[in-house]
1. Just need a number here: residues in region 138-163 that are closer than 14 Å to MET183 by Cα, touching a residue at least 40 places away in the same chain (Cβ under 8 Å) and either more than 18 Å from the chain's Cα centre (by Cα) or open to solvent by 40 Å² or more (accessible area, probe 1.4 Å) (or both).
2. Among the residues of region 166-184, what is the count of those that are exposed (fewer than 13 other Cβ atoms within 10 Å of the Cβ) and under 27 Å from THR85 (Cα atoms)?
3. Is there a residue being buried (at least 19 other Cβ atoms within 10 Å of the Cβ), out of contact with any Cys (no Cβ under 9 Å at 6 or more places or on another chain) and within 25 Å of GLN161 (Cβ to Cβ) anywhere in region 19-34?
4. Between residues in region 14-36 that are free of Cβ contacts under 8 Å to residues at least 40 places away in the same chain and residues that are in a loop (DSSP other than H, G, I, E, B) and surrounded by 16 or more Cβ atoms within 10 Å (Cβ to Cβ), which pairs lie under 7 Å by C-beta distance while being six or more apart or on different chains?
5. Criterion first (open to solvent by less than 70 Å² (accessible area, probe 1.4 Å) and among the aromatic types (Phe, Trp, Tyr)) does TYR49 satisfy it?
6. Regarding region 94-113, can at least one residue be identified that is in contact with a Phe, Trp or Tyr (Cβ under 9 Å, 6 or more places away or on another chain) and assigned to a loop (DSSP other than H, G, I, E, B)?
7. If you scan region 61-91, which residues turn out to be under 20 Å from LYS43 (Cβ atoms), under 12 Å from the mean Cα position of the chain (by Cα), surrounded by 22 or more Cβ atoms within 10 Å (Cβ to Cβ) and hydrophobic (A, V, I, L, M, F, W, C)?
8. Taking only region 37-76 into account, find how many residues are in contact with a helix residue (DSSP H, G or I) (Cβ under 6 Å, 6 or more places away or on another chain), over 29 Å from GLY91 (Cβ atoms) and of a type outside the set (D, E, K, R).
Amino acid sequence: EVCALFPSEYIHIGGDECPKDSWKSCPACQAKIQELGLTSDEKHSAEHYLQSYVTKRIEEYLAGKGKRIIGWDEILEGELAPNATVMSWRGVKGGHQAVKLGHDVIMTPHKFMYLDYYQTKGRSAEPLAIGGFLPIEKVYSFEPYTEDMSEEEKAHILGVQANLWTEYIGENWHLEYMLLPRMSALSE
């Protein structure tokens with residue numbers, strides 16, 4: 001259904017907000033973990049590997065429809081699906097890890113790219129936001145590459161993306177306030 005709605009090459013599958021703690025007590029999840037022979041190791045829990053299994057299945061299904069997957073950096077926990085593109089939102093570390101593995105990345109670290117954060121420290125003068133503090137200077141300062149990256153690794157960073165989640169935004173004027181001028185800084 002999603003493929004029919006969106007003609008794009010990519011389908012974003014999420015991958016965040018998967019409740020691994022709940023899966024530990026879920027009989028169906030635990031039965032699937034047993035069936036697949038998944039075990040915890042020093043890096044990840046069996047539940048992380050269960051999510052990797054699901055991600056790989058979705059990747060294979062969508063590939064059969066000519067699509068590629070994008071997922072939030074949580075899809076790195078366990079084993080990354082072979083052709084996945086990673087959106088690194090929890091910082092830059094996940095993006096850099098994915099690049100080292102030869103995967104494409106979109107950098108969207110919340111401390112630089114979440115436009116639903118306050119723009120000033122004087123929050124009483126601003127409209128309600130989810131929290132955080134993201135002044136225009138910080139958006140403008142973001143550098144997705146590190147000095148030790150090779151040109152080949154840099155080529156895997158497809159770009160950057162700012163996010164504006166709207167749970168606290170109910171009016172167009174509020175939306176525009178949160179976007180501007182930070183969107184201009186990102187574009188530049």
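1. 3
2. Residues flagged as exposed (fewer than 13 other Cβ atoms within 10 Å of the Cβ) and under 27 Å from THR85 (Cα atoms) within region 166-184 amount to 3.
3. no
4. Listed by first residue and then by second, the contacts come to LYS20/SER45.
5. Yes; evaluated as a whole, the condition is true for this residue.
6. For region 94-113, residues in contact with a Phe, Trp or Tyr (Cβ under 9 Å, 6 or more places away or on another chain) and assigned to a loop (DSSP other than H, G, I, E, B): present.
7. ILE75, LEU76, ALA84, VAL86
8. Of the residues in region 37-76, 0 are in contact with a helix residue (DSSP H, G or I) (Cβ under 6 Å, 6 or more places away or on another chain), over 29 Å from GLY91 (Cβ atoms) and of a type outside the set (D, E, K, R).
The values are calculated or read from the model by the stated rules, or taken from the named source; none is laboratory data. Just so it is clear, the structure is predicted and the values come from calculations on it, not from any experiment. Counting neighbours? That spans all protein chains shown, and the Cβs are built from the backbone with ideal geometry, glycine included. Ligands, DNA and RNA are excluded from the accessible area calculation, which covers all protein heavy atoms including side chains. Shrake-Rupley method; radii C 1.70, N 1.55, O 1.52, S 1.80 Å.
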